[in-house]
Structure formats: C-alpha cells, structure tokens
Amino acid sequence: MANNDIDVGFLIKDAFKSVVDDPGYFALFLLPLIVYIVAMVHLWFIIGDIFSLSQNLQNTEMITNLLRNNISFIIAIIIFYGIIGIIFYAVAMAGLIKKVDVQKINHR
Amino acid sequence: MSFSEALSFSFNSFPRFFSAMLLWALILYGPLIGLILLMVLGVTSNLTGLICLSTFLLIIICILIIYIYLRLALFMQACVIENISPVDSLKRSWIITKGNVILIFVTILIIGIIGLVITIPFTIASNAGVPFILPIGMFLNFIIMSPVQAIIFTLIYLKLIKKQTSPPLYPQYQKSY
C-alpha cells in the first residue's frame, strides 16, 4: 500500500533488513524479554504449566480451580513483573527509535 | 549508533519518555476502566438500566479508542526524535497523523498478520502436544516483531515530518530531514 510517497511494503522490507543486519535491535529488546521469561518461569514453578493444561478442554475446571486458588499470587506476579517489563520495554523503545533516527541521518 | 550508546540515551531520556507512555495509557484506557467499573457496579447491584447504558457507552468508547490509538501511534517517535515534553509529543503525533490514519491502520494490520503467521506453527505444535512450544513462539514473536514494528513506525514518522507542508509545531527542534 502506498500513501503518496510512503510505501508500507518497502518500509516493512527495510525494517526486517535492518533487524537482520544489526543484532543491536534484538539486543535492546532482550531486557524486557528476560523479564517476561522470568515471570513465566516464576508462574510455572508455582502453578504449573498452564499452556499444556489449556490445550485440553477437559481440563477447564482444573484450570479454573488452579487460577481461583492462586488468584492473589497471579495478580501480584502480573503487577510486579508487568511494571518492570513495561519499564524495560520503554527503555528498549526509546533506544531503538534513537538508533533508527541516527542511522537514517547518517545514511543521508 | 551502538547498542550501548542507544541504551545510555534511553536511560537518560527515560523519565520524559515513560511519562509520555503513562499519559498515553491514561488517555486511552482511563475511560475504558471507568466504564468497566460502572458495568461491574451495574451487575453487582442488579441495575439493568446501568448495565445497558455502560454497554452502549463501551461500544462507542471502543471505536473512539481505536481512532485515538491510531492518531497517537507516533507519540514515542515524537518524544525521542524531537526531544519534546510528554504532552507536546502527544500533540505532535495527533498533528502528524492527520490524514494518515488509514496508512497507520493498514501498517498495524500487516504487522499483526505477520506476527500471527510467525505464531501459527508454534500453536499447531503446541496442540500436537509439544511441551513449552507456545511460550517459545510468543517470545520469538515478541523479539522479532517488537523491533520491526518500532522501526516501521519510526520510518513512517521520519517520512511524514519530511513531507509535512504545514509550519513545524516546534521549529527549534526541527531537523533538516
């Protein structure tokens, strides 16, 4: 799709090329990713593997009971890791935008 | 610009950037949370009129939220690139996306479809009984699509400010793009 001189297809191609060429873009997002992985592992250690339980519809009651019994813990985990994750996500986004801006200026 | 330089910049501009994010979240989700609380109040006190009113308002608010989301989609880029305050970055995004809502909507749609395509094999494998494959797919989707989306939006922002014909809102910050 092109809007006057903005071609979304070209921008998507350019973005994928930048990400593949420069691992720094991935590296910036490793920080929030690690937080989310730690959160998931923490949840898994306490309440088990929700993903494998949710594959089987017969386990719906079991999942409901599991969530009900651990609701305060789950909320605490989501808030705690959620806030840390958002902070690191903001750091990654700000760094990435600046990096793209600087590199585009250098290419001119 | 190296990884460490980018990280150092983002830590320095963090308070301003994070404030902009909080303000954006408040504008987008504040009314939604209020309405959901109103709906919960209606359900708990069994007031049918209140439930109907809050449901109707919720539909209208959801449509409005989508539109506002598209108009404010470039506030992060405005905040970082033009080095402006959180309120000004939201204003800047609102001005710069005028007449480009469809472009941003289509971009988000395409990014969403690509993300979905990345996740599909992991969902299929997970349904086939492969353990831990779904979280791996989700993390992979996050690590690939987050930078891609941010780069695309930054490129769109740079192109939009380049072709902007109206006088710049903040000439002191305007670069020679």
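The values are calculated or read from the model by the stated rules, or taken from the named source; none is laboratory data. Since the model is a prediction, treat every value here as computed from it, not as a measurement. Note that we place each Cβ from the backbone using ideal geometry, even for glycine, and neighbour counts take in every protein chain shown. These area figures cover heavy atoms from the full protein model, side chains too; ligands, DNA and RNA do not enter into them. Shrake-Rupley method; radii C 1.70, N 1.55, O 1.52, S 1.80 Å.
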With Cα springs under 10 Å, the Gaussian network model of chain B assigns the largest mean-square fluctuation among B:F153, B:F11, B:F105 to B:F11
Mean-position separation - Cα centroids, the stretch A:11-31 and the stretch B:20-43, in angstrom: 34 Å
Mean other chain Cβ within 10 Å across B:8-15 is 5
Most to least packed among B:50-57, B:16-23 [average Cβ atoms within 10 Å]: B:16-23, B:50-57
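Among the lysines in the protein assembly as shown, how many pairs, 8 or more places apart or on different chains, have alpha carbons under 13 Å apart? It would help to have the intermediate numbers written out before the result.
Values: A:K104/B:K159; A:K104/B:K162; A:K104/B:K175; B:K98/B:K163; B:K159/B:K175; B:K162/B:K175; B:K163/B:K175.
For the protein assembly as shown, qualifying lysine pairs total 7.
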Please give the average number of partner chain Cβ atoms lying within 10 Å of the Cβ of each residue in B:128-141, rounded to a whole number. 3
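How big is the A-B contact in terms of buried accessible area, both chains counted, 1.4 Å probe, rounded to the nearest 100 Å²? Display every interim value, and only then the final one.
Working: alone 8410 and 11420 Å², together 15150 Å².
The A and B chains share an interface burying roughly 4700 Å².
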Between B:I33 and A:D22, with labels modelled 7 Å along Cα→Cβ, what's the label distance in nm to one decimal, could you check? 3.5 nm
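Leaving out ligands, DNA and RNA, and with a 1.4 Å probe, what % of the accessible surface on the protein assembly as shown is carbon or sulfur?
On the way: 11090 of 15150 Å².
In the protein assembly as shown, the share of accessible area belonging to carbon and sulfur is 73 percent.
Determine the shielding of peptide A:82-95 by partner chains: average, over its residues, the number of Cβ atoms on other chains within 10 angstrom of each Cβ. Mind showing how you got there, number by number?
Values: counts 0, 0, 0, 0, 4, 3, 1, 4, 10, 9, 6, 13, 17, 15.
What the average comes to for A:82-95 is 6.
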Give me the accessible area per residue for chain B, probe 1.4 Å, as a whole number in Å². 51 Å²
Would you calculate a helix-derived [θ] at 222 nm for chain B, using -39,500 (n - 2.57) for each DSSP H run of n ≥ 4 and dividing by the full residue count, to the nearest 500? -27500 deg cm²/dmol
